[in-house]
Amino acid sequence: MSIDGQVSSGTEFELAIQEESALGTPETTAASFQRLHQPENAEYDLSGLTDDDTPRMQGQRVPQNTDRFFTKAGGVVLQPFNAIATKLTLDFFLYGNMQDIESEGVSTPFAKIFTWNRDTTQPLFTDNTGKFFTVVGKNPLASEDLIMTSAIIPTLNLSSDPGTNGGRLTMSGNIMSGFTSSGKFDESGSQSITGATEPGTDFFHHCKMVTKQLGGVDLIVASYNIALNSKGVRQGCDVNGDAQTYALGVGNYEATGTIRCLYDNNTKGVITNFMTSAFDTQLVLAYGSGNAPVDTDGDLMFQMNVGVAQPVRDFAAAEGTMIDIPFVCRDDGTNDMIEAQIANAQDRAWTA
């Protein structure tokens, strides 16, 4: 038996997604997919599948191979991701995570507004509302593509740091699918993405933020991160072992984060406010025009109603005393828990 000897490079693997129109039906049109800008790859996670090894009482002291039971039925698969956000990719991930779109503009630049607020419940996936995707982990080896059907994005982390990825906004987290039957999940599939849309080079650079405000005062921001958790889990099991729907926000949707700023006269009051009122106020971070609502191609804005945890000063920072401000987003009956707005000149035909 001869060896094969094909050598693959990590840079030959790539990740692409495309929205689906019917739950449980994968997208197969090669050119319809959207490639991601990934600086690194991550192995997919099969720990959510059933792998039970319970020894049978069978008259001997060594286990048998038949003691192991493995099935894909009723399980979940995860694809971790770490990608640089672009204006062509970020809206997919915001929708796949938040699953609550307030509106999309009817003309260019097709501004999209996603919210978690007092009116947020969850979409009825069985009616094909909400947003779910076919995900392809493209493999340079033939018939070894990862294919996930009707995947959602339960966790989405957004971070901006001049020392990471050239200061470009980075998105990371997990893509999840509860569709694990043959034809819905395939770890050795074949799915072309020839002609798929490139991620583009319209990034959100840290130095391009035009609005950085907490409680209406301007900040000098060194870095920030926002963590969005929809608590997405599979629900139900059909005769093929696939999920019947997804459950979201049970036990509350979560939006948390930390912003690192210069400790100055505009931030000195955060500590006092934390001890007196938990500082229930607006945190606004915006790229592009800075208009609210966004109205220019390339605009991105996060508006969060936040309460802060104990701020921590860094007295040893080389750039001067800094202050790290952890926050938790809350709806106050008037202001949304979190609102994410993006204008990317892409007509997605999304409706609330």
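The values are calculated or read from the model by the stated rules, or taken from the named source; none is laboratory data. Note that the structure is predicted; figures quoted are calculated from it, not measured. Reconstructed Cβ throughout: ideal geometry from the backbone, glycine too, with neighbour counts over all protein chains shown.
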Just a yes or no: is a residue in the stretch 133-140 among the hydroxyl-bearing types (Ser, Thr, Tyr) and more than 25 Å from Val328 (Cβ to Cβ)?
yes
Return the only residue of Leu141, Leu156 being on the phi < 0 side of the Ramachandran plot, among the hydrophobic types (A, V, I, L, M, F, W, C) and more than 16 Å from the chain's Cα centre (by Cα).
Leu141
Those residues of the stretch 103-119 which are of a type outside the set (A, V, I, L, M, F, W, C) and either within 15 Å of Pro154 (Cβ to Cβ) or touching a Leu at 6+ places or on another chain (Cβ under 9 Å) (or both), in sequence order
Lys112
Among the strands (runs of 3 or more DSSP E) confined wholly to the stretch 167-264, which include 3 or more residues that are of a type in the set (A, V, I, L, M) and over 24 Å from Ile147 (Cα atoms)?
209-214, 221-229, 254-262
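Just for the stretch 304-335: of the residues that are of a type in the set (S, T, N, Q) and in a loop (DSSP other than H, G, I, E, B), which one is surrounded by the most Cβ atoms within 10 Å (Cβ to Cβ)?
The selected residue is Asn335.
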Counting only residues that are on the phi > 0 side of the Ramachandran plot and either touching a helix residue (DSSP H, G or I) at 6+ places or on another chain (Cβ under 7 Å) or surrounded by 20 or more Cβ atoms within 10 Å (Cβ to Cβ) (or both), the stretch 99-118 contains a total of 1
Scan (1) over 25 Å from Trp116 (Cα atoms); (2) over 17 Å from the mean Cα position of the chain (by Cα) for the single condition Pro199 breaks and write down its number.
(2)
Considering only residues that are touching a residue at least 60 places away in the same chain (Cβ under 8 Å) and charged (D, E, K, R), which ones fall in the stretch 255-287?
Arg260
Which numbered condition trips up Phe274, out of (1) over 30 Å from Lys87 (Cβ atoms); (2) assigned to a loop (DSSP other than H, G, I, E, B)?
(2)
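On the given criteria, is Ala292 without any contact (Cβ under 8 Å) to a residue 60 or more places away in the chain, under 15 Å from Val221 (Cβ atoms) and not in a strand (DSSP E or B)?
So Ala292 fails the test.
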Could you identify the single residue in Thr115, Thr129, Thr108, Thr134 that is closer than 24 Å to Met301 by Cβ, polar (S, T, N, Q) and either without any contact (Cβ under 8 Å) to a residue 60 or more places away in the chain or in a strand (DSSP E or B) (or both)?
Thr115
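Okay, residues lined up against (1) modelled with pLDDT under 95; (2) under 23 Å from Leu156 (Cα atoms); (3) among the charged types (D, E, K, R):
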residue: Asp4; (1), (2), (3): yes, no, yes
residue: Ala16; (1), (2), (3): no, yes, no
residue: Asp45; (1), (2), (3): no, yes, yes
residue: Thr50; (1), (2), (3): no, no, no
residue: Arg56; (1), (2), (3): yes, no, yes
residue: Asp67; (1), (2), (3): yes, no, yes
residue: Met98; (1), (2), (3): no, yes, no
residue: Ile101; (1), (2), (3): no, yes, no
Kindly check whether there is at least one residue in the stretch 282-289 that is modelled with pLDDT under 95, over 20 Å from Lys112 (Cβ atoms) and in contact with a strand residue (DSSP E or B) (Cβ under 8 Å, 6 or more places away or on another chain).
yes
Does Leu219 satisfy the criteria of being modelled with pLDDT of 95 or more, buried (at least 23 other Cβ atoms within 10 Å of the Cβ) and farther than 22 Å from Gln99 by Cα?
yes
